[in-house]
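Here's the structure we're looking at; comments come further down.
Values quoted throughout were computed directly from the atomic coordinates according to the rules given, and no laboratory measurement underlies them. What you see is a predicted model; the values in this text were computed from it and never measured. When we count neighbours, we look across all protein chains shown, and the Cβ atoms used for this are built from the backbone with ideal geometry, even at glycine.
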Amino acid sequence: MIGKPLIILSTVDSTNNHAMRLIREGKAADGMVVFALEQSQGKGQRGKNWLSQSGKNIMMSTLFNGSRFSIGNPFPLSATIALACYDFFSKYAGDETSIKWPNDLYWRDRKAGGVLIENTVKEGAWEWIVAGTGININQVDFNELDAKAVSLKQITGKEFDPLQLSSELLSHLEKRIEFLEAEGAQQVIAAYNQLLYKKGEEATFRKKQIVFKAFVRQVSMKGELEIEHDMVEAIQHGEAEWVL
């Protein structure tokens, strides 16, 4: 069961780092969750920091035994976790919630959360998977990111208990993992594409210092973003970035 055991830390460098330490020490368990009130070195995608005020948000990492999943294509698991975040957040924020490729949680054109997956591999197979999740709950001051970030409190005008909400998020994650295992990756990607940020719309991207506009089509089974400008192009994660 996801969320048992639950480790609650007052402060930590990052929940993903702590989860990795538990793996190295032989203390990891399938479904274990590390929740922190404060992170000093929170991690984001592509080496970026995830900045979060103490006690204001959901900052947690979930551990999965890698034997449950195929190493051949990691994206469906990433999409599954993003879908769980959507299920949780949209309950409060409504249908203006979406998933920005590859796995950011968005409300309108502002970032509400994100997912960072790390893993350990042994003899060519996943040994452990660590899914770090950060979602803005009560924070209202994001400094220079004020125009690009958003929280549940800003959307609803209400204050929430991040730890209590994390249990709701874990319930959604449990259901989405069950969906992946029962229905398969193709159905997960189909659900993901229904909620894709800017799908069918023109968006701006940067690739090798070149800024261009393209229509967002869909995301492939391999996790490539398919866009259309003067041609149809499949972009891999890290190959191009959104310009918002």
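Placing unit charges on C-beta atoms (Lys and Arg positive, Asp and Glu negative, everything else neutral), compute the dipole magnitude of the chain about its Cα centre in debye, rounded to 20.
300
Please list, in order along segment 76-93, the HN-Hα scalar couplings obtained from phi with the Karplus expression 6.51 cos²θ - 1.76 cosθ + 1.60 (θ = phi - 60°), rounded to whole Hz, x for Gly and Pro.
Residue by residue, segment 76-93 yields x, 5, 4, 5, 4, 5, 4, 5, 5, 4, 4, 4, 5, 5, 5, 4, 9, 9 Hz.
With +1 on the Cβ of every Lys and Arg and -1 on the Cβ of every Asp and Glu, and nothing else charged, how large is the dipole of segment 143-189 about its Cα centre, in debye rounded to the nearest 20?
Here the size comes out at about 160 debye.
How large is the helix-only mean residue ellipticity at 222 nm for the chain, computed as the sum of -39500 (n - 2.57) over DSSP H runs with n ≥ 4, divided by its residue count, in deg cm²/dmol to the nearest 500?
Estimated from H runs of four or more residues: -8500 deg cm²/dmol.
Counting alpha carbon pairs within less than 8 Å and at least 6 residues apart, what relative contact order, in whole percent, applies to segment 27-170?
Once normalised by length, the contact order is 25 percent.
Pairs of alpha-carbon atoms within less than 8 angstrom and 6+ residues apart define the contacts here; what relative contact order does segment 60-128 have, in percent?
35
Counting other beta carbons within 10 Å of each Cβ, put 98, 90 in order, fewest first.
Placing the least packed residue first, the sequence is 90, 98.
Count the DSSP beta bridges whose two residues both fall in the chain, then state the antiparallel fraction as a percent rounded to the nearest 5.
85
Can you work out the Karplus-derived ³J(HN,Hα) for every residue in segment 151-165? Use 6.51 cos²θ - 1.76 cosθ + 1.60 with θ = phi - 60°, whole Hz, and x for glycine or proline.
So the Karplus estimates, Gly and Pro as x, are 10, 4, 4, 5, 6, 9, x, 10, 9, 10, 9, x, 5, 5, 5 Hz.
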